[in-house]
Amino acid sequence: MDFMNSVLIIGSGGREHAILKALLRSDRPLCMYAYPGNPGMERDGCMLVDREIKSWSDLADWASQNEIDLTIVGPEAPLVDGIVDIFKKEKLAVFGPTKAAAEIEGSKAFSKDLMKKYNIPTAAYRTFTDKKSALKYLKEKGAPIVVKVSGLAAGKGAIVCETAEEAENALVEIFDEKKFGEAGARVILEEKMTGEEASVFVITDGKKYRILPVSQDHKAVGDGDTGPNTGGMGAYAPAPLVDEDLLSRIEKEIVKPVLNAMEQEGRKYQGLLYYGIMVTPDGPKVVEFNCRFGDPETQAVLPLVNCDWFEMFKSCATGRMTDKPWTVNQGYCVSVILASEGYPGSYEKGKVISGIDETEREKTNVDVYHSGTMFNNQEQLVTNGGRVLAVSAWADTLEEAIETAYLSVDGINFEGKMYRRDIGAKGLKRVEGQAKVGG
Ligand code: AMP
Ligand code: GLY
């Protein structure tokens, strides 16, 4: 029998489930564990860590005792907390940036200063630690303006303000009402950029890197990008917004310089770096960095890339990225999030979910990833979060991928099921436009 490698995935969302499925697609036999994991990961044969974990050191102990060959960290919080440093100290291979490198997401004040120092295109900004000076700057600059807390804020820390009054209110919430706690100790006021956004994922061992198919998220809750921002309501890849020329510009002006800058600052970046890019009339600029895969973009990107993901992650984690090429499917992948009615505000949990098995059985080009699900005490699969499932479909054309994704969405049900009906529509418009131009 082949030697089995053991892998631990940290996290419990659709992103982690998509990472698991990607790992399982290769022929390599793997013994999979997750902490805390989710019912979908369990159904795919992943064992959940059964010990009580009080700290990342506890989890590192567990990983050592269970001879885990590779740990992959999904979410930002453990990374910013320094989980990678703790695992490395125990001589465990772990995919993700160190605490110092994860600051690129954990501190917007740090990432903005880094970009300024190394001339990486981003919105003009100033950092503040008190309301009075922030208000003074706001008076000088006027609206529109973007108010951002420096620390981690679960995707809610950027407030795009169309009027000075909105910005003043945001500053009161941050400084006086301490709505964001410590994350709001430093605040950035920055120029509002215009354009469309793209998510550029770069996997790196610190020196070598590869760019994954570029995707687009859909952050607002409602069709046509209306309503409040969420963690992301769907994604698709590759995004025609970023053609080859634009991607090489992004690579030259942003991707490479950032990795070099991190190395020069003594914060060599290993893992997955998510570049949130705004394609403005003046060219591509950085909106934000994330020190991890995006959710739901991962659910649209990973199904397109074929490689031995264990080898890819492990070789990056140990500082020598494999030279073996990967293949990228020619078509498109679309991932639609099924959410609970009320999200991103309050919502009910515990609604019974039906139709997942049938959907996956019927179609070979569809995956259903779990994010907010659990088994109730009658062993029924029920909703347990705002974002419940991600339904991903891939096909030769974007149109077909969209159609298949939505057909599958129709087959999965729970009370209060809510989703955007226009995931990928922006891309489709662009593809159709390009076809016309091309004759
Ligand atoms: P962030 O938390 O920095 O990722 O920002 C969340 C979202 O706010 C981004 O995805 C953008 O849609 C929006 N945003 C942030 N900064 C800006 C900016 N300078 N100009 C326009 N929109 C922005
Ligand atoms: N989809 C946005 C994020 O992962 O932060």
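The values are calculated or read from the model by the stated rules, or taken from the named source; none is laboratory data. The structure presented is a predicted model; accordingly, all values stated were derived computationally and were not measured. Using ideal geometry, Cβ is built from the backbone for each residue, glycine included, and neighbour counts are taken over all protein chains shown. Surface accessibility is based on the protein's heavy atoms, side chains included, excluding ligands, DNA and RNA. Shrake-Rupley method; radii C 1.70, N 1.55, O 1.52, S 1.80 Å.
Quick notes on this structure:
- Pairwise label distance in nanometres, ALA425 with ALA154, each label 7 Å out on the Cα-Cβ vector: 2.9 nm
- Along the axis of the charge dipole computed for the chain (Cβ charges of +1 for Lys and Arg, -1 for Asp and Glu, origin at the Cα centre), the listed residues MET193, ILE402, SER55 are led at the positive end by MET193.
- Cβ-based net charge around LYS91, under 13 Å, with every Lys or Arg adding one and every Asp or Glu removing one: -3
- Heavy-atom accessible area per residue - the chain, 1.4 Å, Å²: 44 Å²
- Expected-Rg normalisation [2.2 N^0.38 Å, Cα atoms] applied to segment 288-439: 1.19
- Each of the peptides 375-383, 151-159, 65-73 was scored by the mean count of other Cβ atoms within 10 Å over its residues; in descending order, highest first, they stand as 65-73, 151-159, 375-383.
- Of the listed residues TRP56, TRP309, the order by accessible area with a 1.4 Å probe, largest first, is TRP56, TRP309.
- Counting only protein heavy atoms and using a 1.4 Å probe, the accessible area of LYS426 comes to about 70 Å².
- With only the Cα atoms considered, segment 65-113 has a convex hull volume of 67 Å³ per residue.
- Computed with a 1.4 Å probe over protein heavy atoms only, the accessible area of TYR419 comes to about 40 Å².
- Hits among lysines - C-alpha to C-alpha of LYS351 under 20 Å, sequence gap 8 or more where chains match: LYS417
- Kirkwood analysis of the Cα pair distances in segment 68-176 returns a hydrodynamic radius of 15.9 Å.
- Protein accessible area in the chain, 1.4 Å probe - carbon and sulfur %: 47 percent
- Each Lys and Arg contributes +1 and each Asp and Glu -1, all at the Cβ; summed about the Cα centre of the chain, the dipole is approximately 1340 debye.
- For the pair LYS252 and TYR137 in one chain, pulling the backbone fully straight at 0.36 nm per residue adds 38.1 nm over the alpha carbon distance.
- Segment LYS116..ASP27, full-extension length gain: 27.6 nm, with 0.36 nm per residue of separation and the alpha-carbon distance subtracted.
- Solvent exposure of MET47, expressed as accessible area, is near 90 Å², computed with a probe of 1.4 Å over the protein chains only.
- Extension gain from ARG126 to LYS88, taking 0.36 nm per residue of separation minus the Cα-Cα distance: 10.1 nm
- The convex hull of the Cα atoms of the chain, projected and averaged over all directions, covers 21.8 nm².
- Note on segment 84-238: semi-axes of the ellipsoid equivalent to its C-alpha gyration tensor, largest first and rounded to whole Å, are 29, 21, 16.
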